[in-house]
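> The following block contains the structure, expressed as structure tokens.
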Amino acid sequence: MTAAIEMASVTKRFGDRLVLDRMEMSVEPGSIFALLGDNGTGKSTTMKILTGQVRADTGTARLLGRDVWSDAIALRHQVGYVPEKPKFYDWMTVAELGRFISGFHQPGFLQRYYDASKRLGLETSRKLSDLSKGGYARAGLALALAIDPQILLLDEPTSGLDLSTRREFLAGMVDLAAEGRTILITSHQIAELERIASHVGLMVDGKLVMCQTLDELKSNVVRLVVQGHQESQPLPGLGTVLQSDRFGDIWRGIVHQPDVTLLEQFAADRETVSLQFERLSLEEIYSSVIAFNGVKAAEIVNGGTL
């Protein structure tokens with residue numbers, strides 16, 4: 001299957017600052033890919049490269065098999081984009097914004113824009129300067145949806161939206177993905193992304209350090225609780241310990257790719273040792289992986305191998 005979004009060895013510097021470091025990413029068609037990382041890790045730069053606003057120093061980036069730089073104009077009729085901080089001509093009304101932008105797009109754009117504005121609760125007669133932060137963001141969303149895009153690139157699209165509007169918008173992303181559209185989304189609302197994401201990528205210092213389906217990620221990163229083992233040597237098959245603590249004879253750790261068979265055999269050979277595996281939320285996994293990479297400066301490559 002040809003990737004809808006693909007980046008290979010993409011590097012980008014701004015002056016002496018390395019923002020993207022041999023970035024690798026592949027997003028399957030019809031998936032909702034949540035790109036997560038702390039501020040300054042390169043998420044917005046990734047979006048700008050994919051939309052042809054910034055040219056990569058090295059490597060290749062493609063959307064729908066097309067080069068994002070040389071085919072940027074053609075891709076604007078197939079790719080919807082919402083930047084983190086959209087900026088429009090604020091003297092326009094919501095309707096005037098749509099009519100103005102429709103001149104750069106294909107027939108049907110304006111009606112789809114009006115339909116999207118209505119769904120998002122926008123009053124088309126209001127001036128953009130009079131909209132709240134959330135209303136301004138909804139105008140950007142309406143423009144992106146009006147393209148009838150095959151790919152949606154959303155950089156913090158729900159910032160400033162109230163809870164009900166955020167959830168309604170994210171639920172709409174599931175419907176779009178079900179139609180075969182591909183969605184790449186960044187957001188600090190990790191718990192809400194967990195409800196809709198099919199794939200997750202975790203960024204640290206300009207690299208995608210983990211890239212898996214959400215189900216794979218939750219299977220590979222778990223909390224292990226061990227009771228009755230006080231020896232200093234590590235348990236066999238423990239995997240990579242991202243975070244850990246101990247209370248008396250109880251050891252708790254968030255571990256990456258534990259060997260369940262080896263651990264269970266170890267416990268079976270010792271009557272005083274018990275094991276318990278617990279699934280983690282996406283936010284817990286995100287926090288532990290980011291903390292581990294920040295402290296250890298270790299790289300977890302796609303597929304999950306240290």
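Any read-out appearing in this document is the output of simple, stated calculations on the displayed coordinates, not a laboratory observation. Please read these numbers as outputs of a predicted model, since none were measured by experiment. Positions of Cβ are generated from backbone atoms using ideal geometry, with glycine treated the same way; all protein chains shown enter the neighbour counts.
> In the structure displayed, which of Lys48/Lys133; Lys133/Lys218; Lys12/Lys85; Lys87/Lys207; Lys118/Lys218 lie more than 32 Å apart, Cα to Cα?
Working: Lys48/Lys133 22 Å; Lys133/Lys218 34 Å; Lys12/Lys85 21 Å; Lys87/Lys207 28 Å; Lys118/Lys218 37 Å.
The pairs that break the limit, which is 32 Å between Cα atoms, are Lys133/Lys218; Lys118/Lys218.
> Got a sec? Charge dipole of the chain, +1 on Cβ for Lys and Arg, -1 for Asp and Glu; which of Gly140, Val27, Ile49 is way out at the positive end?
Gly140
> If exposed means no more than 15 neighbouring beta carbons inside 10 Å and the site is in a DSSP loop, what's the longest run of the chain without any exposed trypsin sites (Lys or Arg not before Pro)?
For trypsin sites (Lys or Arg not before Pro) (loop position, at most 15 other Cβ atoms within 10 Å), the longest site-free span of the chain is 196-269.
> Quick one: of the DSSP bridges fully inside segment 5-197, what percent are antiparallel, nearest 5? Kindly include the intermediate steps, with their values, before the conclusion.
Details: 15 of 28 bridges.
Approximately 55 percent, going by the DSSP bridge assignments.
> If the cut-off is 16 Å between C-alpha atoms, which aspartates and glutamates fall inside it for Lys127, apart from same-chain ones fewer than 8 positions away?
Asp90, Glu96
> Glu179 to Ala268: extension gain in nm, 0.36 nm per residue of separation minus the Cα-Cα distance?
27.2 nm
> Let me ask another. Counting other Cβ atoms within 10 Å, keep those with at most 15, restrict to DSSP loop, and tell me which GluC sites (Glu not before Pro) in segment 163-255 are left.
Passing both the DSSP loop test and the Cβ count: Glu179, Glu231.
> Shifting gears a bit: Find which of Leu208, Ala171, His188 sits farthest along the positive direction of the dipole of segment 171-223, computed with +1 on the beta-carbon of Lys and Arg, -1 on that of Asp and Glu, about the Cα centre.
Selected residue: Leu208.
> Multiply the residue gap between Glu231 and Ile73 by 0.36 nm, knock off their C-alpha separation, and tell me the result in nm, one decimal place.
50.6 nm
> Here's something else I'd like to know. To the nearest 0.05, what FRET efficiency results for Glu123 and Arg55 with a Förster distance of 35 Å applied to their C-beta separation?
Efficiency at R0 = 35 Å is approximately 0.35.
> Next question, about the same structure. Out of the chymotrypsin sites (Phe, Trp or Tyr not before Pro) in segment 45-109, which ones are loop residues according to DSSP with at most 11 other C-beta atoms within 10 Å?
Sites meeting the loop and neighbour criteria: Tyr89, Trp91, Phe104.
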